[in-house]
1. Looking only at residues in region 331-355 that are at pLDDT below 95 and outside any helix (DSSP H, G or I), which one is surrounded by the most Cβ atoms within 10 Å (Cβ to Cβ)?
2. Can residue 399 be described as more than 20 Å from residue 162 (Cβ to Cβ) and at pLDDT below 95?
3. Regarding region 356-367, can at least one residue be identified that is over 16 Å from residue 104 (Cα atoms), modelled with pLDDT of 95 or more and within 20 Å of the chain's Cα centre (by Cα)?
4. Which condition from (1) more than 25 Å from residue 86 (Cβ to Cβ); (2) at pLDDT 95 or above is the one that residue 138 breaks?
5. I need the full set of residues from region 199-210 which are surrounded by 24 or more Cβ atoms within 10 Å (Cβ to Cβ) and touching a helix residue (DSSP H, G or I) at 6+ places or on another chain (Cβ under 6 Å), in order please.
6. Within region 171-184, is even one residue out of contact with any strand residue (DSSP E or B) (no Cβ under 6 Å at 6 or more places or on another chain), at pLDDT below 95 and surrounded by 20 or more Cβ atoms within 10 Å (Cβ to Cβ)?
7. With the structure loaded, tell me whether residue 461 is surrounded by fewer than 18 Cβ atoms within 10 Å (Cβ to Cβ) and more than 30 Å from residue 235 (Cα to Cα) or whether it fails that test.
8. Is it true that residue 100 is surrounded by fewer than 20 Cβ atoms within 10 Å (Cβ to Cβ) and out of contact with any strand residue (DSSP E or B) (no Cβ under 6 Å at 6 or more places or on another chain)?
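The values are calculated or read from the model by the stated rules, or taken from the named source; none is laboratory data. Given the structure is predicted, the values throughout are model-derived calculations rather than measurements. Positions of Cβ are generated from backbone atoms using ideal geometry, with glycine treated the same way; all protein chains shown enter the neighbour counts.
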(Lines give C-alpha, C1' and ligand atoms only; values in the text may rest on other atoms or scores of the structure.)
Protein backbone atom coordinates (compact mmCIF):
# COMPACT_ATOMS: atom_id res chain seq x y z
CA UNK A 1 0.00 0.00 0.00
CA UNK A 2 1.23 3.47 -0.82
CA UNK A 3 2.10 5.50 2.25
CA UNK A 4 0.37 8.55 0.81
CA UNK A 5 -2.94 6.86 1.53
CA UNK A 6 -1.99 5.62 4.96
CA UNK A 7 -0.42 8.87 6.17
CA UNK A 8 -2.82 11.71 5.36
CA UNK A 9 -1.57 15.15 6.27
CA UNK A 10 -3.40 16.94 9.06
CA UNK A 11 -3.03 20.67 9.32
CA UNK A 12 -4.28 23.59 11.36
CA UNK A 13 -4.92 26.92 9.64
CA UNK A 14 -2.99 30.04 10.40
CA UNK A 15 0.78 29.57 10.54
CA UNK A 16 3.11 30.49 7.72
CA UNK A 17 2.35 30.42 4.03
CA UNK A 18 5.26 28.08 3.41
CA UNK A 19 4.43 25.65 6.21
CA UNK A 20 1.46 23.41 6.64
CA UNK A 21 0.70 23.96 10.31
CA UNK A 22 -0.50 21.39 12.77
CA UNK A 23 0.92 20.32 16.05
CA UNK A 24 4.52 19.62 15.27
CA UNK A 25 7.66 19.73 16.83
CA UNK A 26 15.94 20.34 16.05
CA UNK A 27 17.38 18.70 10.80
CA UNK A 28 17.00 19.62 10.93
CA UNK A 29 19.15 20.65 13.25
CA UNK A 30 20.09 17.89 14.99
CA UNK A 31 21.76 16.62 17.99
CA UNK A 32 24.69 14.49 17.09
CA UNK A 33 26.12 12.14 19.59
CA UNK A 34 29.47 10.97 20.94
CA UNK A 35 31.03 9.30 23.97
CA UNK A 36 31.63 11.22 27.15
CA UNK A 37 34.51 8.90 27.86
CA UNK A 38 37.00 11.22 26.19
CA UNK A 39 35.51 14.41 27.53
CA UNK A 40 37.57 14.91 30.61
CA UNK A 41 40.79 13.95 28.85
CA UNK A 42 40.13 16.56 26.19
CA UNK A 43 39.22 19.07 28.86
CA UNK A 44 42.73 18.69 30.23
CA UNK A 45 44.05 20.10 26.96
CA UNK A 46 42.76 23.43 28.20
CA UNK A 47 41.31 26.41 26.40
CA UNK A 48 44.10 28.90 26.68
CA UNK A 49 45.58 29.08 23.19
CA UNK A 50 43.74 29.95 20.02
CA UNK A 51 43.27 26.92 17.77
CA UNK A 52 43.03 26.59 14.03
CA UNK A 53 39.28 26.27 13.57
CA UNK A 54 37.38 28.48 11.18
CA UNK A 55 35.22 31.19 12.74
CA UNK A 56 32.81 33.75 11.42
CA UNK A 57 32.86 37.31 12.67
CA UNK A 58 30.13 38.55 14.96
CA UNK A 59 27.19 39.93 13.02
CA UNK A 60 24.55 42.21 14.45
CA UNK A 61 20.96 42.06 13.22
CA UNK A 62 18.50 44.97 13.14
CA UNK A 63 19.10 47.24 16.13
CA UNK A 64 16.60 49.43 17.95
CA UNK A 65 17.28 51.60 20.99
CA UNK A 66 20.46 49.73 21.93
CA UNK A 67 23.36 51.74 23.30
CA UNK A 68 25.60 49.23 25.11
CA UNK A 69 28.43 47.17 23.67
CA UNK A 70 27.40 44.11 21.61
CA UNK A 71 27.00 40.76 23.34
CA UNK A 72 27.86 37.61 21.40
CA UNK A 73 26.01 34.32 20.98
CA UNK A 74 28.39 31.72 19.57
CA UNK A 75 27.21 28.96 17.25
CA UNK A 76 29.72 26.18 17.96
CA UNK A 77 28.84 23.43 15.49
CA UNK A 78 29.82 21.68 12.25
CA UNK A 79 30.04 23.98 9.21
CA UNK A 80 32.16 21.52 7.25
CA UNK A 81 32.49 17.73 7.15
CA UNK A 82 29.62 15.26 6.83
CA UNK A 83 27.42 17.23 9.23
CA UNK A 84 28.11 20.59 7.60
CA UNK A 85 24.37 21.21 7.17
CA UNK A 86 23.85 21.63 10.91
CA UNK A 87 25.84 24.78 11.66
CA UNK A 88 24.01 26.97 9.11
CA UNK A 89 20.63 25.91 10.52
CA UNK A 90 21.65 26.95 14.01
CA UNK A 91 23.11 30.17 12.62
CA UNK A 92 19.79 30.99 10.95
CA UNK A 93 18.07 30.46 14.29
CA UNK A 94 20.57 32.77 15.99
CA UNK A 95 20.03 35.48 13.40
CA UNK A 96 16.25 35.20 13.75
CA UNK A 97 16.30 35.31 17.56
CA UNK A 98 18.74 38.21 17.78
CA UNK A 99 16.79 40.12 15.12
CA UNK A 100 13.63 39.98 17.26
CA UNK A 101 15.50 40.70 20.50
CA UNK A 102 17.36 43.67 19.05
CA UNK A 103 14.16 45.11 17.59
CA UNK A 104 12.77 45.09 21.13
CA UNK A 105 15.77 47.06 22.39
CA UNK A 106 18.26 44.28 23.05
CA UNK A 107 19.27 42.92 26.44
CA UNK A 108 19.71 45.56 29.13
CA UNK A 109 20.55 48.05 26.39
CA UNK A 110 23.04 45.76 24.63
CA UNK A 111 22.51 44.47 21.08
CA UNK A 112 23.07 40.77 20.48
CA UNK A 113 25.25 39.44 17.66
CA UNK A 114 25.95 35.97 16.27
CA UNK A 115 29.36 34.41 15.64
CA UNK A 116 30.13 31.00 14.13
CA UNK A 117 32.86 28.52 15.05
CA UNK A 118 33.36 25.38 12.96
CA UNK A 119 33.91 22.13 14.87
CA UNK A 120 33.95 20.18 11.58
CA UNK A 121 31.98 17.50 13.39
CA UNK A 122 35.12 16.10 14.99
CA UNK A 123 36.30 16.36 18.62
CA UNK A 124 39.88 16.89 17.41
CA UNK A 125 38.76 20.05 15.59
CA UNK A 126 36.14 21.03 18.16
CA UNK A 127 38.70 21.60 20.91
CA UNK A 128 40.71 24.25 18.96
CA UNK A 129 37.44 25.77 17.74
CA UNK A 130 36.39 26.18 21.37
CA UNK A 131 39.74 27.70 22.25
CA UNK A 132 39.32 30.17 19.42
CA UNK A 133 35.80 30.99 20.55
CA UNK A 134 36.99 31.98 24.00
CA UNK A 135 40.14 33.71 22.77
CA UNK A 136 38.34 35.94 20.26
CA UNK A 137 35.00 36.58 21.99
CA UNK A 138 35.35 38.75 25.10
CA UNK A 139 31.62 39.52 25.33
CA UNK A 140 30.46 35.90 24.99
CA UNK A 141 27.20 35.39 26.88
CA UNK A 142 25.81 32.17 25.40
CA UNK A 143 26.86 29.17 23.30
CA UNK A 144 24.42 27.27 21.08
CA UNK A 145 24.71 24.27 18.79
CA UNK A 146 27.16 21.75 20.26
CA UNK A 147 26.06 18.57 18.52
CA UNK A 148 26.91 15.07 19.63
CA UNK A 149 29.86 15.09 17.27
CA UNK A 150 31.66 17.37 19.71
CA UNK A 151 29.57 17.66 22.89
CA UNK A 152 31.59 15.15 24.90
CA UNK A 153 34.76 17.09 24.13
CA UNK A 154 33.56 20.65 24.66
CA UNK A 155 30.66 20.76 27.15
CA UNK A 156 32.90 20.09 30.19
CA UNK A 157 35.26 22.81 28.97
CA UNK A 158 32.49 25.37 28.39
CA UNK A 159 31.02 24.50 31.78
CA UNK A 160 34.42 25.06 33.38
CA UNK A 161 34.49 28.56 31.87
CA UNK A 162 31.03 29.27 33.39
CA UNK A 163 29.24 29.99 30.10
CA UNK A 164 25.67 28.82 29.47
CA UNK A 165 25.26 26.41 26.56
CA UNK A 166 22.06 25.19 24.89
CA UNK A 167 23.16 21.96 23.21
CA UNK A 168 21.69 19.88 20.41
CA UNK A 169 23.35 16.66 21.54
CA UNK A 170 21.19 13.63 22.15
CA UNK A 171 23.81 11.76 24.15
CA UNK A 172 22.21 9.78 26.91
CA UNK A 173 25.22 10.46 29.14
CA UNK A 174 23.94 13.98 29.68
CA UNK A 175 20.89 12.47 31.36
CA UNK A 176 22.94 11.54 34.42
CA UNK A 177 26.05 13.74 34.46
CA UNK A 178 25.25 17.21 35.72
CA UNK A 179 26.85 20.26 34.13
CA UNK A 180 25.38 23.38 35.79
CA UNK A 181 25.73 25.53 32.66
CA UNK A 182 24.37 22.96 30.20
CA UNK A 183 20.72 23.05 29.04
CA UNK A 184 18.96 20.79 26.55
CA UNK A 185 15.55 21.04 24.91
CA UNK A 186 15.87 17.89 22.78
CA UNK A 187 15.46 14.23 23.78
CA UNK A 188 18.18 11.66 24.37
CA UNK A 189 18.88 9.33 21.46
CA UNK A 190 17.73 6.30 23.42
CA UNK A 191 14.22 7.73 23.59
CA UNK A 192 14.26 8.71 19.92
CA UNK A 193 15.30 5.20 18.90
CA UNK A 194 12.15 3.92 20.61
CA UNK A 195 10.13 6.55 18.75
CA UNK A 196 11.37 5.26 15.39
CA UNK A 197 10.32 1.72 16.21
CA UNK A 198 6.99 2.92 17.65
CA UNK A 199 6.08 4.51 14.32
CA UNK A 200 6.86 1.29 12.47
CA UNK A 201 5.16 -1.00 15.01
CA UNK A 202 2.14 0.79 16.45
CA UNK A 203 1.20 3.13 13.62
CA UNK A 204 2.07 1.11 10.53
CA UNK A 205 2.00 -2.44 11.94
CA UNK A 206 5.15 -3.45 10.11
CA UNK A 207 6.75 -6.71 11.20
CA UNK A 208 10.04 -6.82 9.30
CA UNK A 209 12.23 -3.81 10.10
CA UNK A 210 15.47 -2.94 8.31
CA UNK A 211 18.12 -0.73 9.94
CA UNK A 212 20.69 1.40 8.05
CA UNK A 213 22.63 4.09 9.93
CA UNK A 214 25.78 6.09 9.25
CA UNK A 215 29.07 4.95 10.73
CA UNK A 216 29.52 8.18 12.72
CA UNK A 217 29.26 7.95 16.49
CA UNK A 218 26.11 10.05 16.53
CA UNK A 219 24.10 7.86 14.19
CA UNK A 220 25.39 4.60 15.63
CA UNK A 221 24.00 5.38 19.07
CA UNK A 222 20.53 4.72 17.67
CA UNK A 223 21.29 1.23 16.45
CA UNK A 224 21.41 -0.99 19.53
CA UNK A 225 18.40 0.64 21.26
CA UNK A 226 16.42 0.31 18.02
CA UNK A 227 17.39 -3.37 17.63
CA UNK A 228 16.40 -4.03 21.25
CA UNK A 229 13.04 -2.29 20.75
CA UNK A 230 12.33 -4.21 17.52
CA UNK A 231 12.89 -7.52 19.28
CA UNK A 232 10.96 -6.50 22.39
CA UNK A 233 7.99 -5.55 20.21
CA UNK A 234 7.99 -9.02 18.66
CA UNK A 235 9.23 -7.83 15.27
CA UNK A 236 12.04 -9.13 13.08
CA UNK A 237 15.30 -7.33 12.27
CA UNK A 238 15.36 -7.57 8.47
CA UNK A 239 18.86 -6.29 7.77
CA UNK A 240 21.25 -4.12 9.76
CA UNK A 241 23.71 -2.17 7.60
CA UNK A 242 26.31 0.44 8.57
CA UNK A 243 26.88 3.14 5.95
CA UNK A 244 30.38 4.57 5.68
CA UNK A 245 29.72 8.29 5.29
CA UNK A 246 32.86 8.75 3.20
CA UNK A 247 31.84 6.14 0.60
CA UNK A 248 30.45 7.12 -2.81
CA UNK A 249 28.22 4.07 -3.27
CA UNK A 250 26.25 1.67 -1.05
CA UNK A 251 25.16 -0.95 -3.58
CA UNK A 252 26.49 -3.81 -1.43
CA UNK A 253 24.60 -2.57 1.64
CA UNK A 254 21.49 -1.87 -0.45
CA UNK A 255 21.56 -5.38 -1.91
CA UNK A 256 21.85 -6.95 1.55
CA UNK A 257 18.94 -4.90 2.86
CA UNK A 258 16.76 -5.91 -0.10
CA UNK A 259 17.68 -9.59 0.36
CA UNK A 260 16.39 -9.40 3.94
CA UNK A 261 12.95 -8.26 2.65
CA UNK A 262 12.20 -5.41 5.10
CA UNK A 263 8.84 -3.71 5.00
CA UNK A 264 10.46 -0.47 6.18
CA UNK A 265 13.97 0.89 6.77
CA UNK A 266 14.92 2.98 9.80
CA UNK A 267 17.74 5.36 8.95
CA UNK A 268 19.97 8.30 9.70
CA UNK A 269 23.01 8.86 7.50
CA UNK A 270 23.76 12.52 6.93
CA UNK A 271 25.70 14.28 4.22
CA UNK A 272 25.11 12.57 0.86
CA UNK A 273 24.90 9.06 2.34
CA UNK A 274 21.14 8.61 2.78
CA UNK A 275 20.42 10.11 -0.63
CA UNK A 276 22.79 7.66 -2.33
CA UNK A 277 21.71 4.66 -0.25
CA UNK A 278 17.97 5.23 -0.69
CA UNK A 279 18.43 5.80 -4.42
CA UNK A 280 20.41 2.57 -4.80
CA UNK A 281 17.86 0.60 -2.78
CA UNK A 282 15.20 1.86 -5.17
CA UNK A 283 17.26 0.97 -8.24
CA UNK A 284 18.02 -2.57 -7.04
CA UNK A 285 14.40 -3.03 -5.94
CA UNK A 286 13.13 -2.71 -9.50
CA UNK A 287 12.37 0.98 -9.18
CA UNK A 288 10.19 0.63 -6.07
CA UNK A 289 11.02 2.49 -2.87
CA UNK A 290 11.00 0.67 0.44
CA UNK A 291 9.33 2.96 2.99
CA UNK A 292 11.71 5.01 5.14
CA UNK A 293 11.40 6.18 8.75
CA UNK A 294 14.04 8.73 9.70
CA UNK A 295 15.24 10.39 12.87
CA UNK A 296 14.53 14.05 13.56
CA UNK A 297 17.82 14.81 11.77
CA UNK A 298 16.08 13.94 8.51
CA UNK A 299 13.70 16.84 9.05
CA UNK A 300 16.26 19.08 7.45
CA UNK A 301 16.44 21.36 4.41
CA UNK A 302 19.67 19.74 3.26
CA UNK A 303 18.45 16.17 3.82
CA UNK A 304 15.21 16.72 1.91
CA UNK A 305 16.95 18.46 -0.96
CA UNK A 306 19.53 15.69 -1.35
CA UNK A 307 17.13 12.75 -1.11
CA UNK A 308 14.39 14.38 -3.21
CA UNK A 309 16.96 15.08 -5.92
CA UNK A 310 17.96 11.41 -5.88
CA UNK A 311 14.53 9.73 -5.85
CA UNK A 312 12.05 12.52 -6.62
CA UNK A 313 10.02 14.65 -4.25
CA UNK A 314 6.81 12.72 -4.91
CA UNK A 315 8.44 9.34 -4.27
CA UNK A 316 9.95 10.59 -1.05
CA UNK A 317 6.67 12.15 0.06
CA UNK A 318 4.79 8.88 -0.42
CA UNK A 319 7.34 6.74 1.35
CA UNK A 320 8.74 8.72 4.27
CA UNK A 321 8.03 9.51 7.91
CA UNK A 322 10.18 10.85 10.74
CA UNK A 323 9.87 11.37 14.44
CA UNK A 324 10.22 14.87 15.84
CA UNK A 325 9.40 16.84 18.97
CA UNK A 326 6.01 18.48 19.04
CA UNK A 327 5.98 22.14 18.10
CA UNK A 328 2.82 24.21 18.22
CA UNK A 329 2.61 25.84 14.80
CA UNK A 330 -0.82 27.29 15.48
CA UNK A 331 0.07 29.68 18.30
CA UNK A 332 1.36 33.23 18.70
CA UNK A 333 4.87 32.04 19.57
CA UNK A 334 5.23 30.22 16.26
CA UNK A 335 3.96 33.23 14.29
CA UNK A 336 6.64 35.40 15.89
CA UNK A 337 9.24 32.74 15.10
CA UNK A 338 8.22 32.57 11.44
CA UNK A 339 8.23 36.38 11.08
CA UNK A 340 11.69 36.52 12.63
CA UNK A 341 12.95 33.84 10.24
CA UNK A 342 11.46 35.58 7.23
CA UNK A 343 13.13 38.84 8.30
CA UNK A 344 16.61 37.32 8.01
CA UNK A 345 15.97 35.18 4.93
CA UNK A 346 18.35 37.20 2.76
CA UNK A 347 21.22 36.36 5.15
CA UNK A 348 20.61 32.60 4.96
CA UNK A 349 22.24 30.97 1.94
CA UNK A 350 23.36 27.45 2.93
CA UNK A 351 20.35 25.62 4.30
CA UNK A 352 18.70 24.15 1.20
CA UNK A 353 14.91 24.56 1.25
CA UNK A 354 14.42 27.65 3.44
CA UNK A 355 10.83 26.88 4.48
CA UNK A 356 11.99 23.60 6.04
CA UNK A 357 13.73 25.70 8.70
CA UNK A 358 10.30 26.41 10.17
CA UNK A 359 10.15 22.77 11.29
CA UNK A 360 13.84 22.04 11.85
CA UNK A 361 14.38 20.96 15.47
CA UNK A 362 17.63 22.90 15.81
CA UNK A 363 16.12 26.10 14.51
CA UNK A 364 13.07 25.97 16.79
CA UNK A 365 14.57 24.75 20.04
CA UNK A 366 17.69 26.90 19.90
CA UNK A 367 15.46 29.92 19.18
CA UNK A 368 13.61 29.10 22.40
CA UNK A 369 16.90 28.66 24.27
CA UNK A 370 18.15 32.06 23.16
CA UNK A 371 14.92 33.72 24.25
CA UNK A 372 15.06 31.97 27.61
CA UNK A 373 18.64 33.08 28.20
CA UNK A 374 17.98 36.66 27.08
CA UNK A 375 14.92 37.03 29.30
CA UNK A 376 16.91 35.54 32.20
CA UNK A 377 19.55 38.25 31.70
CA UNK A 378 16.85 40.90 31.93
CA UNK A 379 15.25 39.29 34.97
CA UNK A 380 18.58 38.97 36.81
CA UNK A 381 19.81 42.42 35.70
CA UNK A 382 23.03 40.76 34.59
CA UNK A 383 24.63 39.44 31.40
CA UNK A 384 26.99 37.18 33.39
CA UNK A 385 26.05 33.52 32.83
CA UNK A 386 26.96 32.69 36.43
CA UNK A 387 24.29 35.17 37.55
CA UNK A 388 21.52 34.72 35.00
CA UNK A 389 21.53 30.93 34.56
CA UNK A 390 19.32 30.29 37.62
CA UNK A 391 16.60 32.48 36.13
CA UNK A 392 16.44 30.31 32.98
CA UNK A 393 14.76 27.65 35.12
CA UNK A 394 12.34 30.13 36.69
CA UNK A 395 11.32 31.61 33.35
CA UNK A 396 11.18 28.26 31.57
CA UNK A 397 9.23 26.29 34.16
CA UNK A 398 7.38 29.25 35.65
CA UNK A 399 6.57 30.17 39.23
CA UNK A 400 3.16 30.61 40.90
CA UNK A 401 1.36 33.58 39.41
CA UNK A 402 3.68 33.88 36.39
CA UNK A 403 2.31 35.51 33.23
CA UNK A 404 2.74 33.30 30.14
CA UNK A 405 4.62 35.09 27.35
CA UNK A 406 5.41 33.92 23.83
CA UNK A 407 8.20 36.24 22.70
CA UNK A 408 11.14 38.19 24.05
CA UNK A 409 9.32 41.50 23.49
CA UNK A 410 6.27 40.35 25.42
CA UNK A 411 8.40 38.95 28.22
CA UNK A 412 10.44 42.16 28.42
CA UNK A 413 7.30 44.25 28.79
CA UNK A 414 5.96 42.08 31.62
CA UNK A 415 9.30 42.07 33.43
CA UNK A 416 9.45 45.85 33.22
CA UNK A 417 5.97 45.91 34.74
CA UNK A 418 7.27 43.89 37.68
CA UNK A 419 5.55 40.63 36.72
CA UNK A 420 6.92 37.09 36.98
CA UNK A 421 6.87 35.38 33.59
CA UNK A 422 6.86 31.93 32.04
CA UNK A 423 8.17 31.77 28.48
CA UNK A 424 6.37 29.32 26.18
CA UNK A 425 7.88 29.43 22.72
CA UNK A 426 7.16 27.48 19.51
CA UNK A 427 8.79 24.42 21.09
CA UNK A 428 6.14 24.39 23.81
CA UNK A 429 6.46 24.72 27.61
CA UNK A 430 9.61 23.49 29.30
CA UNK A 431 9.90 21.22 32.29
CA UNK A 432 13.56 21.10 33.29
CA UNK A 433 14.80 18.22 35.40
CA UNK A 434 17.80 18.26 37.72
CA UNK A 435 20.12 17.77 34.71
CA UNK A 436 18.57 20.75 32.86
CA UNK A 437 16.89 18.45 30.34
CA UNK A 438 13.45 19.38 29.08
CA UNK A 439 11.97 17.18 26.37
CA UNK A 440 8.43 17.06 25.08
CA UNK A 441 6.45 14.32 23.35
CA UNK A 442 7.19 13.11 19.84
CA UNK A 443 5.16 13.78 16.77
CA UNK A 444 5.29 12.12 13.39
CA UNK A 445 6.25 14.20 10.34
CA UNK A 446 6.15 13.73 6.60
CA UNK A 447 7.14 15.87 3.62
CA UNK A 448 5.07 17.25 0.77
CA UNK A 449 6.64 16.73 -2.68
CA UNK A 450 7.97 20.31 -2.38
CA UNK A 451 9.57 19.74 1.03
CA UNK A 452 6.89 21.26 3.25
CA UNK A 453 6.87 19.46 6.60
CA UNK A 454 3.51 17.98 7.54
CA UNK A 455 2.44 16.63 10.90
CA UNK A 456 0.57 13.34 10.64
CA UNK A 457 0.34 12.15 14.23
CA UNK A 458 1.83 11.91 17.71
CA UNK A 459 3.57 9.09 19.58
CA UNK A 460 2.04 8.48 23.02
CA UNK A 461 4.44 8.02 25.92
CA UNK A 462 2.81 4.62 26.58
CA UNK A 463 4.13 3.34 23.26
CA UNK A 464 7.68 4.43 24.07
CA UNK A 465 7.45 2.72 27.47
CA UNK A 466 6.24 -0.48 25.84
CA UNK A 467 9.40 -0.69 23.75
CA UNK A 468 11.96 0.50 26.31
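1. Restricting to residues being at pLDDT below 95 and outside any helix (DSSP H, G or I), the top hit is 351.
2. Here the answer is yes, as residue 399 does meet what is asked.
3. Scanning region 356-367 turns up at least one residue that is over 16 Å from residue 104 (Cα atoms), modelled with pLDDT of 95 or more and within 20 Å of the chain's Cα centre (by Cα).
4. (2)
5. 209, 210
6. Within region 171-184, one or more residues are out of contact with any strand residue (DSSP E or B) (no Cβ under 6 Å at 6 or more places or on another chain), at pLDDT below 95 and surrounded by 20 or more Cβ atoms within 10 Å (Cβ to Cβ).
7. When the stated conditions are applied, residue 461 does not pass them.
8. no
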